[in-house]
Each structure stands twice: as C-alpha cells, then as structure tokens.
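Please read the structure below before turning to the comments.
FYI, it's all coordinate maths here, none of it is from the lab. Remember, predicted model here, so these are calculated numbers, not experimental data. Positions of Cβ are backbone-derived with ideal geometry, glycine not excepted, and every protein chain shown enters the neighbour counts.
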Amino acid sequence: MDLETAAATRFSADYGEASRRFRHAAEIAGGRLRAYRNPNPGPRGEALACDCAWFGPEDAGKVLVIMSGTHGVEGFCGSGVQLDWLEEGNAAMLPPGHAALLIHAINPYGFAWIRRVTEENVDLNRNFVDFAATLPTNPAYDELADALVPPALSGPEFDKAEATIAAFRAKHGEAAFHAARAAGQYTHPSGIFYGGAGPTWARRTEEVIIADYRLAARRHVAMIDLHTGLGPFGYGELIVMPALDSAHGRRLQDWYECVTQMGDPNSVASTRAGLGPQRWEELLGERTTIATLEYGTRSRWTMFSVLRADHWLHAHTNVDWGAAETRRIKADLRDGYFPDSAAWREMVLFRARQVLRQAGHGLAST
Ligand SMILES: [Zn+2]
C-alpha cells in the first residue's frame, strides 16, 4: 500500500482499537499470540494487556523485535508502525531461520489512559535501574519539583510556579532546565520523569518476555523500540546507547548508516539512567543490535506544557474521564505524542519501513 493511504488507515483512535487490530492482523499473518494481562482496568473499565505475536520458526536463530508503547501514549504511533509492518506482508517474507517478535503496548495502562507513564506514575525508561543500589540523584529536580507539577494550572499558584522556573532558567540556562526536568528522578512519586521505587509491572513483563521467548539464547536479536516526542516534526532519529567505536556501535552504523549516540550534542536525547535498552544489552550482550527510533513531534515547550498538565490532572484530581477538562488535557497530550497530521504520519511510516528493512538486512548479514 502506498504511504499516503497507509498513513490514513493504519493508525488507531485508541488503545482498544489498536490492540484489536494488532491481534487480528497478527492472526491473519500466521502469528502465534500471547497476552500479558495488566491487573488494572482502562478508563472505561476495559481489560488491558501487552500482546505479543511471534512469526517464523520457534527455534529461529535470528529474531527481529519491534516494540511499541514503552511510553504509553507513544503507542499510538508505534502500534501504527507495527500494523503497517504486518499488513505489508513482512511476516511472510522472513528469510529461513529468521523470526519476528512484535511486542504491542508494553505499557498498556499508559496507552489506554493516554499517559506517558505506567500505572505507578513511572517513566518506564527510567525504571530499569538496580533498586538495591544507590539510586541516581537529581538535586535540580528536587529544587523545581513543586513548580514542574504545580497545585493549579492557572491563578496565583501557577504564576508562582512559572516564576520559579523562569528564575531557574535565568540562573542556570535553558539546557540545565531541560536536563533537570527530564533526566529522571526517584524522589517525587507524582512528579514527571519519575523512575519509581521498584520494578513496575511493565518492566517485569518486559523481562518475562525476554525470558519466555529465550531471546538471550538466540544467535542474534535486532531490536527496535518505537518512541515519539523528541526532535524535529516527523523526523525519525535512531538513538543508540553503545559507544560508536564499540563492536555494537560499529554494527549499528553498518546496519543503519545514520545513528546518534545518546548524550552526544548531535542527538535529541541527553544521557539518563534506567533505560530499557540498557537492560536488553545486559541480558543479551553482543547478541543484540538495539536502537530506539524516536520521532519528533511538537516543540520542547509544548511537550513540557502538555506533560505537566497531565501530571497535574493525575496528582491533584480524581481524573473524571468524561469531564471537559480531562478531555482537553488528554487531547493535548495525545496530539503532543501523536500529531493529528497526515504529513507526520506519512513521514513516520516512510522512516519505519526504511529502518525495519535495514534491520532485516543487518540481521541476515550477522
Ligand atoms: Zn518515549
């Protein structure tokens, strides 16, 4: 299907539609499905699950893994990419000895509730730390915590929060402010970019999936984790963790040509701890080639504003799903991570098809 038509048809309106379409398309493509049920209901009382679909021989040496929904709401995009891969017939074109594992909505709660976080209010990509060890500190976040998630979104309390942030930016600069708010923090459970007090359901499920599918025992696993919300509108940046001059880093450049290392000034992503890809590397070592495909959406300030409003909603109200204020905050957040734009969606699918093809070729050559 051409990109324009695919962009108009392969993205879903909500978590329920996305998961139904994923399971249906996976079955038609001959996938073997397995559901990991989340213990919490969605906003309309619906059941939630992370659905996995396996294509190809059970004992395949090489596996392509495509994961969506690490950051909940970003699953609107990731789910569409997965449906595009399925409906383009890619499962039937896997070479001998190759399999594909599609992990749909690893954080189904965040997807259903239109949140970036898990049911524990945790950023899943700050949760993969060793909770027995000393946790990372973020003193600048502590200083700003009450301003980042203020008690109100307008009026004197909001004005005070804005003044605190303005003073911080004037003293420390723009980059320091964004690093402070987004690097991750383990001290404010209702705050933004909270890493948690222990492994979340989504983290435990991700680790169980790695074990259930014996991914650490395969010859090689190509992993793409789909994200949105950082970078220029519609641009899909491949962000990687390993040093570019390491064996893994060289493999990533061979496969994809253009990757950026997290923390490099050329990357949209600054350094942070507790990311899922780090855990995959710990468990799979040189048997994996792993990259985050991060699509840019709205401006940094828009993203901060919509995220902040959503955290205010969940920290300071009982989240009445039908209320006009909730609808507005959720619509803004959804548009922040999944812009209502035909052009954006077409760019997403163009880049996804390219990257997933490169991953398949890389896997074949390994
Ligand atoms: Zn993300």
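Brief remarks on what is shown
- Its relative contact order, with pairs defined as Cα atoms under 8 Å and 6+ residues apart, puts the chain at 20 percent.
- Neighbour counts of other Cβ atoms within 10 Å put ARG44, ARG353, ARG21 in the fewest-to-most order ARG44, ARG353, ARG21.
- Between the Cα long axis of helix 15-28 and the first principal axis of the chain there is an angle of about 0°, rounded to the nearest 10.
- On the basis of the beta-carbon distance and an R0 of 35 Å, ARG214 and SER341 show a calculated FRET efficiency of 0.30.
- Relative to one another, the C-alpha centroids of region 17-40 and region 120-172 are positioned 36 Å apart.
- Whole-number percent relative contact order across region 131-233, with pairs defined as alpha carbons under 8 Å at least 6 apart: 24 percent
- With both labels modelled 7 Å from their Cα along Cα-to-Cβ, the SER365 to ARG250 distance reads 1.4 nm.
- In terms of surrounding Cβ atoms within a 10 Å radius of their Cβ, ASP146, ASP340 rank from fewest to most as ASP340, ASP146.
- Kirkwood-Stokes translational diffusion coefficient of the chain, alpha-carbon pairs, 10 °C, 1.306 mPa s, µm²/s: 77 µm²/s
- Of all lysines in the structure, the ones whose alpha carbon falls short of 20 Å from that of LYS171, not counting any fewer than 8 places away in one chain, are LYS160.
- Under 5 Å from the amide H of ARG115 lie the amide H atoms of VAL73, each residue being 5 or more positions distant or on a separate chain, with H modelled from the backbone and absent for Pro and chain starts.
- Cα centroid separation - region 65-88 against region 179-239, whole Å: 14 Å
- With neighbours defined as other Cβ atoms within 10 Å of a residue's Cβ, the residues MET93, MET223 order from fewest to most as MET93, MET223.
- Virtual spin-label span in nm between PHE131 and LEU283, 7 Å along Cα→Cβ: 1.6 nm
- Label-point separation, THR302 to PHE158 (7 Å along Cα→Cβ), nm: 1.9 nm
- Rounded to the nearest 500, the 222 nm mean residue ellipticity of the chain from helices alone is -14000 deg cm²/dmol, with -39,500 (n - 2.57) taken per DSSP H run of at least 4 residues.
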